[in-house]
Amino acid sequence: MIQLKNVSKSFGNQTVLQDVDMTLTEGKVIGIVGENGAGKTTLFRCIAGLESFDGTITSDCTPLKNHLGFLMTDPFFFSKITGEEYIRLLCNAREIELEELDRKNVFDLPLKQYASMYSTGMKKKLALTALLLQQNQYFILDEPFNGLDIQSNMVLTEIILQLKALNKIVLVSSHIFSTLRDTCDEIYLLRSGEPIRKVLPQEFDRLEAEMKATTIGSKISDLGLR
Amino acid sequence: MKSYFSLQWVLLIRKLNDLGFNPLISFVLAAAFFIGISELLFYKTLLAPFILIGIALIISIQSNHQAKTEFVRITFGDATAKTIRLIESLLIALPFSISLLIHGAFWQTALLNFLLFVLTYFTFSFTKQSVIPTPFNKRPFEFTIGFRKTVLLLLAAYSLTIVALLVNNFQLGIFSYLVLFMICISFYGQPEEPFFVWIHAKNPKEFLFEKLKIATIYSSLLISIPVLTLLVFYPFDAWIILLFVLIGFVFLWTSILAKYASFPEEINITYSFLIIICAPVPVLLLFLIPFFYKKALHSLKELLP
C-alpha cells in the first residue's frame with residue numbers, strides 16, 4: 001500500500017499540489033487525469049522522491065523509491081549507449097541479474113543500436129522494458145501510451161493488466177481516455193493540484209462525457225469550420 | 001559561423017555576469033592564474049608540457065558535448081560544424097600553445113594541435129552512428145559512453161606509449177598513461193540526469209563507493225597495457241611508474257567526488273580550480289578528498305535517502 005497524506009508542493013508562489021490524500025492498494029491500477037499543468041507529473045515526482053514536498057508519503061516496501069519503476073513522459077537517453085546497455089544500467093542499479101534479454105524483448109526493439117537514435121515510441125518502449133525487468137512492486141507510468149503504435153498499445157494494456165494480476169500497484173496517467181477505461185480500477189480527477197474526485201469503473205463513461213463537455217464545450221463550433 | 005562565435009561570446013559574458021563576476025577582471029585574473037599555474041608546473045616538473053597538453057585536451061572534449069555538437073551540426077551543416085569545432089578547440093588550446101612555445105616545447109605544441117585536429121575531424125564522422133564495442137558492457141555508463149566518445153584519443157595515447165619505447169623516452173611513456181587518466185577523468189565531467197542517480201537502490205555512501213570502485217577497475221583496465229609495458233622496459237624505475245599510477249587514481253577519485261559534491265549542478269568552478277591547483281602538489285588532494293566526500297554525501301542525500 002502507498003498512502004499520501006496532505007501532500008502539497010509549491011514552486012515559489014505557485015502551488016502545484018494542494019493537500020493530496022490518496023490510498024493506493026495492491027492489485028489496483030489507478031488512473032490520474034487532468035488538464036496539462038494540473039499537477040500529475042509533479043505528483044508522480046513527489047511520490048518517486050524526485051521532488052521535495054510537504055506532507056507524508058508512506059509505503060509497505062521501504063524505501064519506496066527502491067521498489068518503484070518510474071516511466072517518465074519523455075525518458076532521457078544518453079548518447080553512445082545501446083538499448084541493451086540502457087536496460088543493463090537500470091537493472092544493475094537495482095542489483096538485478098539480467099538473463100535471456102532477447103526472449104524478454106517484448107517490443108522487438110533493436111537493442112544493439114544506440115538508444116538515442118530510437119524514435120519517441122521506441123524510447124518509451126525501451127524505458128518500459130527496463131522498468132519491467134527491474135522487478136518493481138510499484139509502477140508510475142506517466143503518459144505511457146504517447147507515441148506508441150497500435151500493436152504496442154495493445155501489448156502495454158496487457159502488461160498493465162498482468163501487473164495488476166501480480167498484485168502490483170500501477171499509477172498511470174493518460175490523455176487517451178479509452179486506455180484508462182481498459183486498465184484502471186479507479187481514476188482520480190486532478191484539477192489545479194487537487195484531486196477533486198475519485199471515479200469508479202461504473203462512472204468512467206460519465207466522467208469522459210463530463211470532461212468532453214467541460215474541455216470542448218462550444219470551442220469547436222466557434223471555429224466555424226466549413 | 002561568425003554569428004556562432006558572437007553568440008558564444010555573449011553567452012560567456014552572460015555566464016560571468018550571472019556568477020557575479022566582472023568580465024574584464026575575470027579575464028585578467030584567469031590569465032594571471034593560468035600563467036602562475038603553468039609557470040609553477042614548468043618549475044616543478046619535467047612533465048609540465050604533457051600535463052598542459054592533457055588539460056587542454058580535456059577542456060576541448062568537455063566543451064564539445066554531444067547536444068552542442070548536434071545543435072551546431074543541424075544549424076550549420078557538417079562541413080561548417082567541423083570548422084567551427086576546430087576553431088573553437090584551437091582557441092581553447094591557444095593559451096596552452098603559447099605557454100608551450102614560450103618554454104620551447106615546440107614539438108609538444110605541434111602534438112597538441114595535431115591531436116585537436118584528429119579529435120575534430122575524425123571523431124566527428126567516425127563516432128557518429130556506428131556502435132563501437134567496449135570492454136565495459138557489464139557496468140555500462142561513464143566508461144561505455146566515454147570510451148566511445150574518445151576512442152581515437154585513447155588510441156593516440158596508446159600510440160604515445162609505443163613512440164616512447166621507440167625513442168626511449170621514459171617521461172613520454174609516463175605521459176601516455178597520464179593522458180589515459182585525464183581521459184577517464186573527462187568521463188565524469190558532466191552531471192547525469194538526477195533520474196540516473198535516483199534509480200540506484202543504495203545510500204549515498206554505497207553509491208559513491210560503487211562509482212569509485214567501477215572507475216578504479218575500468219581505468220585500471222585502460223592503463224594496464226602502457227603501465228605493464230613500461231614496467232617491463234624500465235624495471236628499475238618501477239617505483240616512479242607506480243607513483244604516477246597512484247597519483248592518477250587519486251586525481252580520478254577526487255574528480256568523481258567533486259562531480260557529486262556539485263551535483264546536480266555542473267562541477268563548481270571553485271572546485272575545478274582547487275583540483276588544478278593540486279596538479280603541481282598532488283599531496284594537497286588528501287585534504288580535498290574528505291571535503292568533497294562530505295559535500296557529495298550531502299548533495300546525494302535527497303535522491304538517495
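Nothing in this text is a laboratory measurement; each read-out follows from the coordinates by a stated rule. Quick caveat, the model's predicted, so the values are computed rather than measured. Ideal geometry is used to build each Cβ from the backbone, glycine not excepted, and the neighbour counts take in all protein chains shown.
A few notes on this one:
- Surface/4 estimate of mean projected area, convex hull on alpha-carbon atoms of the stretch B:232-305, nm²: 6.1
- The residues A:GLU194, B:GLU142, A:GLU99, when put in order of fewest to most other Cβ atoms within 10 Å, stand as A:GLU99, A:GLU194, B:GLU142.
- Pairwise centroid distance, computed over Cα atoms, of the stretch A:147-226 with the stretch B:191-265, Å: 48
- Residues A:LYS124, B:LYS294, A:LYS219, ranked from the fewest to the most other C-beta atoms within 10 Å, line up as A:LYS219, B:LYS294, A:LYS124.
- Relative contact order for chain B, counting Cα pairs under 8 Å that sit 6 or more residues apart, in percent: 17
- Cα centroid separation - the stretch A:50-116 against the stretch A:13-36, whole Å: 22
- Nearest-20 debye value, the stretch A:143-189 charge dipole, Cβ charges on Lys, Arg, Asp, Glu: 100
- Calculated FRET efficiency for the pair B:TYR43/B:VAL163, C-beta based, R₀ 25 Å, to 0.05: 0.40
- Within the shell defined by Cβ-Cβ distances under 14 Å, the residues around B:ILE58 carry a net charge of +2, with Lys and Arg each +1 and Asp and Glu each -1.
- Chain B - Rg over Rh from alpha carbon coordinates, Kirkwood radius: 0.95
- Only one residue of B:LEU16, B:ALA48, B:LEU112 has its Cα farthest out toward the positive end of the dipole of the stretch B:1-125, where Lys and Arg carry +1 and Asp and Glu -1 on Cβ, and that residue is B:LEU16.
- Amide hydrogen neighbours beyond the local backbone of A:TYR188, cut-off 5 Å, H modeled: A:GLY31, A:ILE32, A:VAL33, A:VAL199
- Gyration tensor verdict on the stretch B:113-237 (Cα atoms; rounded if a/c is under 1.5, prolate if a/b is larger than b/c, oblate otherwise): oblate
- Which of A:ASP142, A:ASP19 has the fewest Cβ neighbours within 10 Å, and the rest in rising order: A:ASP19, A:ASP142
- Taking the Cα centre of chain B as reference, the dipole from Cβ charges on Lys and Arg (+1) and Asp and Glu (-1) amounts to some 340 debye.
- Cα gyration tensor, the stretch B:174-301 - rounded (a/c under 1.5), prolate or oblate: prolate
- Anisotropy class of the stretch A:10-63 from Cα gyration tensor, a/c 1.5 cut: oblate
- Dimensionless Rg ratio for chain A, taking C-alpha atoms and the 2.2 N^0.38 Å reference: 1.06
- Using Cβ point charges alone (K and R +1, D and E -1), the dipole size of the stretch B:1-125 about the Cα centre works out to roughly 140 debye.
- Shielding by other protein chains, A:78-90, mean Cβ within 10 Å: 6
- Cα→Cβ-extended label distance, 7 Å offset, between B:PHE117 and A:ASP102, nm: 4.6
- Using a simple spin-label model with pseudo-atoms 7 Å out from Cα toward Cβ, A:MET154 and A:ALA213 lie 3.5 nm apart.
- Extension gain for the segment B:LEU228 to B:GLN8, taken as residue separation times 0.36 nm less the Cα-Cα distance, is 74.9 nm to one decimal.
- Selected from B:ILE225, B:PRO135, B:ASN268, residue furthest toward positive end of dipole (the protein assembly as shown; charges at beta carbon): B:ILE225
- Across the stretch B:7-82, Cα-Cα pairs farther apart than 18 Å form 62% of the total.
- Top positive-direction residue, dipole computed over chain B with Cβ charges, set B:VAL197, B:HIS103, B:LEU155: B:VAL197
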